[in-house]
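Structure record follows, encoded as structure tokens.
The values are calculated or read from the model by the stated rules, or taken from the named source; none is laboratory data. Everything quoted here is computed from the prediction, not taken from an experiment. All Cβ positions, even for glycine, are placed from backbone atoms using ideal geometry, and neighbour counts span all protein chains on display.
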Amino acid sequence: MAGNTNRYSTYTTASVQSGSDGKNGDKTEKKDLWSSMLDGVASAKRLPEKNIILLGGSVDSQREFFESLSNSELRRTLDRNSNRMPPVANSFALGYTYYDVLDADQEDTLARISLYTLTNPSSTFASLLRPLLTPQSIPNTLIVILLDWSQPWKWMRQLREWVLLLRTVLISLSEDCKEAMQEVMLSWRDRGRGGGTNLDGTTAVPVSDDIVALPVGPGEWEDGLGLPLCVVSQNAEKMEYLEKNQGWKEEEFDVVLQFMRTVLLRHGASLIYTTPSTTSQLPSLIHSSLGIHSLLKKQPLKHNVIDRDKIVVPPNWDSWGKIRVLREGFDVERVSKGWEADLDHTYPQPRQNGHAAEEENGQTNGENGETEVDEYEGEDPEGSTVTLYELAVQDPTMDALQLAGRNTHSTNLEVSTEDTQAFLGQQLKILESFKQKNDEGARGGVDGYKTSSINKKPLEGEDEIDTGSYNIRPTEAKVLEHIGPVQFNMGGIQVDADDMVQRLKDRQAYGSTSEPSTPVDETVVEQAAPQMDTENLQAFFHGLMNRRGGSGK
């Protein structure tokens with residue numbers, strides 16, 4: 001009997017089941033391996049994402065800031081597809097744009113930066129900024145505030161408005177966000193002090209048990225916002241205009257810089273002055289603040305507090321001692337405490353739309369119960385740094401008296417004028433006095449003068465002025481000083497027309513007077529009367545005086 005050639009597996013059911021599970025496990029393991037490899041490649045190609053919240057300035061100044069960071073001119077020369085640059089959408093409320101940070105050779109992309117822009121510091125826009133700050137985005141976010149040299153006297157007030165808005169936003173965040181902000185502030189405070197990473201990308205000296213980080217000086221990091229802050233003062237070329245046209249001196253520029261450095265020192269912030277179309281350290285400062293460093297070329301960030309139009313104050317570099325050195329007499333402690341009072345002061349809040357505001361003031365705009373929102377500012381607190389700054393750095397176009405007190409050379413268009421009615425009243429009195437004197441003179445010429453064909457004598461007690469041909473009163477002499485004698489050439493003889501007219505008037509007066517006041521030689525009058533027509537002679541001389549083609553002098 002032939003033996004059974006069939007083979008029987010010695011695997012049990014459990015072993016079969018375990019074998020099938022092993023095959024599924026191999027497939028799952030292979031799937032996880034491929035997923036991890038793909039994720040690794042994707043993460044390697046994924047660009048680091050950084051955020052900049054750009055506050056202040058105008059639509060145009062924000063565009064200038066974006067172009068200076070993105071090196072638009074350089075990209076146009078290297079990239080044929082320059083028209084594909086991302087647009088800047090910042091005309092309404094919260095704007096947005098982005099750009100890629102290229103390495104020194106303009107080939108490798110180091111990071112992608114998203115810019116969120118806001119031009120109005122109104123508290124109504126706080127809700128737009130809150131979604132931008134999450135535990136993941138906070139370590140990669142930088143706050144930038146734009147100021148302009150066209151109005152440096154407004155800087156401190158503008159800076160206070162933006163800081164108060166940021167405080168409103170940051171306080172309302174979740175606990176996870178606040179913990180992330182605290183870690184960010186601790187790492188920033190330790191940069192360059194013996195721990196963390198320096199701004200130029202180099203590793204600082206590690207802090208061990210034996211090495212202690214340098215302590216924070218007075219006035220430093222007193223009001224950390226939770227995010228790194230950088231203030232950019234644009235259009236530094238306008239400093240020359242302030243100096244030439246507004247009479248600014250070196251002292252004013254130093255005072256502005258001392259105020260700004262003292263205030264920003266409390267927040268651990270940086271400061272830089274920029275000029276359009278001029279190379280500056282702005283990209284290095286912004287990118288290093290975001291932790292973006294070139295892999296090919298180290299670009300060290302250098303401070304500059306000497307060149308007034310190229311100021312660069314990196315974070316964790318400044319101190320009260322360095323601020324005092326700039327110009328003596330600056331009370332840095334008072335300014336620092338005043339800024340604390342500015343931020344802690346309670347300012348009136350604008351009334352909200354709706355029924356609450358309707359109950360408060362009883363005024364509505366329409367049937368839906370909406371009311372107008374009244375935006376107003378409260379008074380500055382006692383010892384306010386904003387008040388001190390505006391007293392030290394005044395607007396030269398506001399008050400002519402302030403300009404005169406500062407001995408400036410600016411031209412002021414504002415003139416303080418007298419009240420119109422008061423001015424006209426004074427002029428009326430002067431005209432009435434002149435009219436009264438003229439009336440008295442007219443009466444005196446007939447009644448008070450002892451007339452003669454040769455000379456006239458003034459009234460008793462009246463001053464006599466010799467004019468060469470006849471005597472007149474002082475008011476007439478003043479008029480003749482301005483007008484001068486009217487003379488013409490008649491047959492080679494210079495004739496004084498005024499004298500001739502006056503003689504004719506005197507002769508006419510003699511004829512109309514029945515009893516002459518002085519004895520006159522009647523023979524002379526009788527002999528001259530038939531030979532002379534008085535009215536025709538007077539008209540003749542008037543014609544000579546009024547003739548344009550005459551040779552009057």
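For this structure, a couple of remarks:
- Among the residues making up region 315-336, those that are under 19 Å from TRP155 (Cβ atoms) and among the charged types (D, E, K, R) are ASP318, ARG327, ASP331, ARG334.
- Members of region 257-307 found to be hydroxyl-bearing (Ser, Thr, Tyr) and not in a helix (DSSP H, G or I), listed by number: SER270, TYR273, THR274, THR275, SER277, THR278, THR279, SER280, SER294
- Residues located in region 223-256, provided they are among the β-branched types (Val, Ile, Thr) and outside any helix (DSSP H, G or I): VAL231, VAL232
- Subset of region 268-317 [closer than 25 Å to THR141 by Cβ and small (Gly, Ala, Ser)]: GLY268, ALA269, SER270, SER280, SER284, SER288, SER289, GLY291, SER294
- Answer residue from region 129-153, given it is farther than 19 Å from MET181 by Cα and surrounded by fewer than 16 Cβ atoms within 10 Å (Cβ to Cβ) and is farthest from the chain's Cα centre (by Cα) among those: SER150
- Of residues in region 101-121 being surrounded by 14 or more Cβ atoms within 10 Å (Cβ to Cβ) and under 26 Å from the mean Cα position of the chain (by Cα), the one farthest from GLU183 (Cα to Cα): THR119
- Flag for GLU220 being assigned by TED's automatic domain parsing to the domain that holds TRP153, assigned to a loop (DSSP other than H, G, I, E, B) and of a type in the set (Asp, Glu): yes
- Index of the failed condition, ASP342 passing every other in (1) outside any helix (DSSP H, G or I); (2) acidic (Asp, Glu); (3) crowded, with 16+ Cβ neighbours inside 10 Å: (1)
- Test: residue in region 93-100 that is hydroxyl-bearing (Ser, Thr, Tyr), surrounded by fewer than 16 Cβ atoms within 10 Å (Cβ to Cβ) and free of Cβ contacts under 8 Å to residues at least 12 places away in the same chain: no
- Of all residues in region 271-312, those being farther than 21 Å from GLU64 by Cα, surrounded by 18 or more Cβ atoms within 10 Å (Cβ to Cβ) and either out of contact with any helix residue (DSSP H, G or I) (no Cβ under 9 Å at 6 or more places or on another chain) or free of Cβ contacts under 8 Å to residues at least 60 places away in the same chain (or both) number 1.
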